[in-house]
Protein chains: 2
Amino acid sequence: MLVRPKPGILDPQGKAVENSLRHLGFSVSEARVGKVVDLEVDASDSTEARAQVERMCEQLLANPLIESFEVEIHG
Amino acid sequence: MLVRPKPGILDPQGKAVENSLRHLGFSVSEARVGKVVDLEVDASDSTEARAQVERMCEQLLANPLIESFEVEIHG
């Protein structure tokens, strides 16, 4: 799953990355930094796996005030 | 782009997430935590964009000793 700062929310880590990339000579108009969390869960199918990971995001992995999350299921 | 700890490399943040999820009652066998960096770059096509982002990863965004990276181009 991916957790990203919501649009409009200040992202100091993204700003730092932007500035560092510009100092290195890259042409970047925006950088936003989030997290990727790869999880191995016990689930009988992908629907159940998705529901579990969404609950994990809501309860622990994402802060709903400032972050949005996206769940991808593999295998 | 996505940056993840390489297989076999200790990931204390992932371990902390694993433990916290288990305390909440979730059945998780593994969690690994990495970064997602969304970048807006100036490039004439997707091949050039990919080459630029790969250079950014090598020079700043990923530590090749302990992390692997993956570039996805959109739009």
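The values are calculated or read from the model by the stated rules, or taken from the named source; none is laboratory data. Because the structure is predicted, anything quoted here is derived from the model rather than measured. All Cβ positions, glycine included, derive from the backbone under ideal geometry; neighbour counts span all protein chains shown. Note: areas computed on protein heavy atoms with side chains; ligands, DNA, RNA excluded. Shrake-Rupley method; radii C 1.70, N 1.55, O 1.52, S 1.80 Å.
Quick notes
- For the peptide B:13-26, the mean number of other protein chain Cβ atoms found within 10 angstrom of a residue's Cβ is 3.
- Of the whole protein surface, A:F69 contributes about 80 Å² of accessible area at a 1.4 Å probe radius.
- Shown is the FRET efficiency for A:Q59 and A:I9, computed with R0 = 22 Å from the Cβ-Cβ distance and rounded to the nearest 0.05: 0.60.
- Dipole moment magnitude, nearest 20 debye, chain A about Cα centre, only Lys, Arg, Asp, Glu C-beta charged: 520
- Close amide H partners of A:N63, meaning residues 5 or more places away or on another chain with modelled amide H under 5 Å apart, do not exist here.
- Of the solvent-accessible surface of chain B, computed with a 1.4 Å probe over protein heavy atoms with every protein chain present, carbon and sulfur atoms account for 51 percent.
- Summing Lys and Arg as +1 and Asp and Glu as -1 over all other residues whose Cβ lies under 12 Å from the Cβ of A:E30 gives a net charge of -2.
- Each of A:S27 and A:A43 was given a label point 7 Å from its Cα along the Cα-to-Cβ line. The distance between the two points is 4.2 nm.
- Rotational relation B to A, axis-closest Cβ in chain B, residue and distance rounded to whole Å: B:V36, 2
- Under the convention that each Lys and Arg Cβ holds +1 and each Asp and Glu Cβ holds -1, the size of the dipole of the protein assembly as shown around its Cα centre is about 500 debye.
- Label-point spacing at B:G75 relative to the other copies reads 3.2 nm, in ascending order, each point sitting 7 Å out from Cα along Cα→Cβ.
- Straight Cα distances below 27 angstrom link B:K6 to the lysines A:K15, A:K35, B:K15, B:K35, with same-chain residues fewer than 8 positions distant left out.
- Positive dipole terminus of region A:6-57, leading residue within A:V53, A:S27, A:L39 (C-beta point charges): A:S27
- Chain A - percent relative contact order, Cα under 8 Å, separation 6 or more: 46
- For the protein assembly as shown, the spread of Cα coordinates along the three principal axes comes to 47, 35, 25 Å, biggest extent given first.
- Take each residue of peptide B:53-63, count the partner chain Cβ atoms within 10 Å of its Cβ, and average: the result is 3.
- Sorted shortest first, the distances from the B:S27 label point to those of the same residue in the other copies are 5.3 nm; each point sits 7 Å from Cα along Cα-to-Cβ.
- Shape category assigned to region B:15-75 from the gyration tensor of Cα positions, a/c cut at 1.5: prolate
- Structure-based [θ]222 nm, chain A - -39500 (n - 2.57) summed over DSSP H runs of at least 4, per residue, nearest 500: -9500 deg cm²/dmol
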